[in-house]
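J.: Here you go, one structure.
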Amino acid sequence: MATIEPSPLGGPADGLAAVTALRRLADQLEDAEVERAMREGWSWSQVAEALGVTRQAVHKKHLKRLVVAGVVLRRRSG
């Protein structure tokens, strides 16, 4: 296990605030990149594999936002 070094930011409140900000930024980046991938014709399965999650998880998290954004989604063939 890695050694935990004292935070250069100050106290734990500063460090935890930084973690929260990074999570928000990561979520925004994920939203933008999932939207870009879907606009370029990627499947839910391709996006899920790239993110290391299930197709169902990606679909549940992003479907509504993508529809509102006007993204034309591929239909599953088969």
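J.: Which ones in the stretch 17-48 are among the charged types (D, E, K, R), without any contact (Cβ under 8 Å) to a residue 12 or more places away in the chain and part of a helix (DSSP H, G or I)?
T.: Taking the stretch 17-48 as the starting set, the residues that turn out to be among the charged types (D, E, K, R) are 23-24, 27, 30-31, 33, 35-36, 39-40.
Imposing the further condition that a residue be without any contact (Cβ under 8 Å) to a residue 12 or more places away in the chain reduces the set to 23-24, 27, 33, 36, 40.
23, 24, 27, 33, 36 - these are the residues of the stretch 17-48 that are among the charged types (D, E, K, R), without any contact (Cβ under 8 Å) to a residue 12 or more places away in the chain and part of a helix (DSSP H, G or I).
J.: Another question, then. Take the residues of the stretch 47-78 that are more than 19 Å from residue 29 (Cα to Cα) and among the small types (Gly, Ala, Ser): which is modelled with the highest pLDDT? Walk me through how you get there before you give the answer.
T.: Going residue by residue through the stretch 47-78, those that are more than 19 Å from residue 29 (Cα to Cα) are 56, 72-78.
From the residues that got through so far, the ones that are among the small types (Gly, Ala, Ser) too are 77-78.
On the way: 77: 61, 78: 49.
Looking at the filtered set, the residue picked out is 77.
J.: Moving on. For residue 51, all conditions in the list (1) of a type outside the set (Val, Ile, Thr); (2) without any contact (Cβ under 8 Å) to a residue 12 or more places away in the chain; (3) in contact with a helix residue (DSSP H, G or I) (Cβ under 8 Å, 6 or more places away or on another chain) hold save one; what is the number of the exception?
T.: (2)
J.: Just name the residue that is surrounded by the fewest Cβ atoms within 10 Å (Cβ to Cβ) out of those in the stretch 58-78 that are touching a helix residue (DSSP H, G or I) at 6+ places or on another chain (Cβ under 7 Å) and of a type in the set (A, V, I, L, M, F, W, C).
T.: 69
J.: If you go through the stretch 2-53, how many residues are exposed (fewer than 13 other Cβ atoms within 10 Å of the Cβ), under 30 Å from residue 75 (Cα atoms) and polar (S, T, N, Q)?
T.: Total satisfying the criteria: 1.
The values are calculated or read from the model by the stated rules, or taken from the named source; none is laboratory data. Please read all numbers here as calculations on a predicted model, not as lab measurements. Ideal geometry is used to build each Cβ from the backbone, glycine not excepted, and the neighbour counts take in all protein chains shown.
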